[in-house]
Amino acid sequence: MAKTLRPLIAANWKMHGDMSWAFKPADFNTLFLTEDRTHLDVLICPPATLLSSMLDPEQTGVLLGGQDCHANAAGAHTGNVSAEMLKDAGASYVIVGHSERRAEGDTDADVNAKAKAAARAGLTPIICVGETEAERDAGKAQKVVAAQIKASVPKLKDYVIAYEPVWAIGTGKTATPEDVDEMHNAIREQVGAKVRLLYGGSVKPANAESLLGLKNVNGALIGGAGLEMDSLAEIAKAAPAK
Ligand code: PEP
């Protein structure tokens, strides 16, 4: 049943990019034409400063998202951006609970509140979970991830989960397809058949096919390899129609 979920290929640009990057969706489009990718969704999450300058998703077929949001719609929260603001600037998704935000202090309760805020604003939250290397070495990976999902995921109709083992993010170390398969099967049991499950952690053209082909992997969340449109396009081309 999960096989019918539409793949989502999501690039997280983190704190990279100037105004010239606003045209990258057009470059992506020339590398992977919209008519050849009707079976999948492609998403770029640029820095919030770029969001409203990015080429229109209706023209490029490349959706836009935020990288984080505040739980409140507005208020005295210096330096923060609300889900409503992201929506207003052209986003349809927002990443919440990325391990880099969790490392800055976001708790499961914060992530839960941000995911609710995303839904309130009409955005689809991509809720990130993942164990540390020490937790994996101690044999606790599945337990840790299950607990994060229980606490970070509110009751929502529409959301995406990104499993991103912390030790695989930006390190070049990728979880083996066997590890990813095992974890995604466990997450599928926990969240049911309708939720798209992304894998993230050093996904690149060379490993995309083996990861994206797994039964319960419905796409990828990509950092480094999502900054260049040729590698992002190669990864997206490896996503099978499910
Ligand atoms: C990420 O930042 O979510 C990520 C997976 O990064 P990378 O692909 O660079 O490991």
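Of the residues 75, 170, which single one is on the phi > 0 side of the Ramachandran plot, outside any helix (DSSP H, G or I) and free of Cβ contacts under 8 Å to residues at least 40 places away in the same chain? Exactly one residue qualifies, and that residue is 75. Has region 63-80 got any residue that is within 21 Å of residue 233 (Cβ to Cβ) and aliphatic (A, V, I, L, M)? Scanning region 63-80, I find at least one residue that is within 21 Å of residue 233 (Cβ to Cβ) and aliphatic (A, V, I, L, M), so the answer is yes. For the residues 55, 51, 33, the requirement of being more than 30 Å from residue 185 (Cα to Cα) and touching a helix residue (DSSP H, G or I) at 6+ places or on another chain (Cβ under 6 Å) singles out 55.
With respect to the conditions (1) touching a strand residue (DSSP E or B) at 6+ places or on another chain (Cβ under 7 Å); (2) farther than 21 Å from residue 41 by Cα; (3) surrounded by fewer than 19 Cβ atoms within 10 Å (Cβ to Cβ), residue 182 lacks only one, and its number is (1).
Looking only at residues of region 115-132 that are within 16 Å of the ligand (Cβ to nearest atom) and either assigned to a helix (DSSP H, G or I) or of a type in the set (Val, Ile, Thr) (or both), we find that the one that is farthest from residue 222 (Cα to Cα) is 132. Every condition in (1) surrounded by 15 or more Cβ atoms within 10 Å (Cβ to Cβ); (2) under 20 Å from the mean Cα position of the chain (by Cα); (3) more than 16 Å from the ligand (Cβ to nearest atom) holds for residue 38 except the one numbered (1). For region 78-104, filtering for residues that are within 18 Å of residue 164 (Cβ to Cβ), assigned to a loop (DSSP other than H, G, I, E, B) and not charged (D, E, K, R) leaves 3. Could you check region 162-191 and list, in sequence order, the residues that are over 15 Å from residue 212 (Cα atoms) and among the β-branched types (Val, Ile, Thr)? The answer is 166, 169, 171, 187, 191.
Looking only at residues in region 217-240 that are closer than 22 Å to residue 156 by Cβ and part of a strand (DSSP E or B), the one that is nearest to the ligand (Cβ to nearest atom) is 221.
Looking at this structure, is residue 68 under 28 Å from residue 217 (Cβ atoms), in contact with a helix residue (DSSP H, G or I) (Cβ under 8 Å, 6 or more places away or on another chain) and within 16 Å of the ligand (Cβ to nearest atom)? Write out each step before concluding.
Details: under 28 Å from residue 217 (Cβ atoms): yes; in contact with a helix residue (DSSP H, G or I) (Cβ under 8 Å, 6 or more places away or on another chain): yes; within 16 Å of the ligand (Cβ to nearest atom): yes.
Yes: the conditions hold for residue 68.
Return the residue satisfying two criteria in turn: it lies in region 188-197 and is in a helix (DSSP H, G or I) and of a type outside the set (A, V, I, L, M), and of such residues it is surrounded by the most Cβ atoms within 10 Å (Cβ to Cβ).
Ranking the candidates gives 188 first.
So that you can scan it fast, the table gives a plain yes or no per residue for (1) part of a loop (DSSP other than H, G, I, E, B); (2) away from the ligand (no atom under 14 Å from the Cβ); (3) closer than 30 Å to residue 120 by Cα:
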residue: 144; (1), (2), (3): no, yes, yes
residue: 157; (1), (2), (3): yes, yes, yes
residue: 175; (1), (2), (3): yes, no, no
residue: 181; (1), (2), (3): no, yes, no
residue: 186; (1), (2), (3): no, yes, yes
residue: 199; (1), (2), (3): no, no, yes
residue: 208; (1), (2), (3): no, no, no
residue: 215; (1), (2), (3): yes, yes, no
residue: 242; (1), (2), (3): yes, yes, yes
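Entry remark, region 95-122: residues being of a type outside the set (Asp, Glu) and in contact with an Asp or Glu (Cβ under 9 Å, 6 or more places away or on another chain) number 13 in total.
With the requirement that a residue be under 19 Å from residue 45 (Cβ atoms) and modelled with pLDDT of 95 or more, what does region 202-216 give you? Passing the criteria: 203, 204, 208, 212.
The values are calculated or read from the model by the stated rules, or taken from the named source; none is laboratory data. All values derive from a computational prediction rather than experimental measurement. Note that each Cβ is placed from the backbone with ideal geometry, even for glycine, and that neighbours are counted across all protein chains shown.
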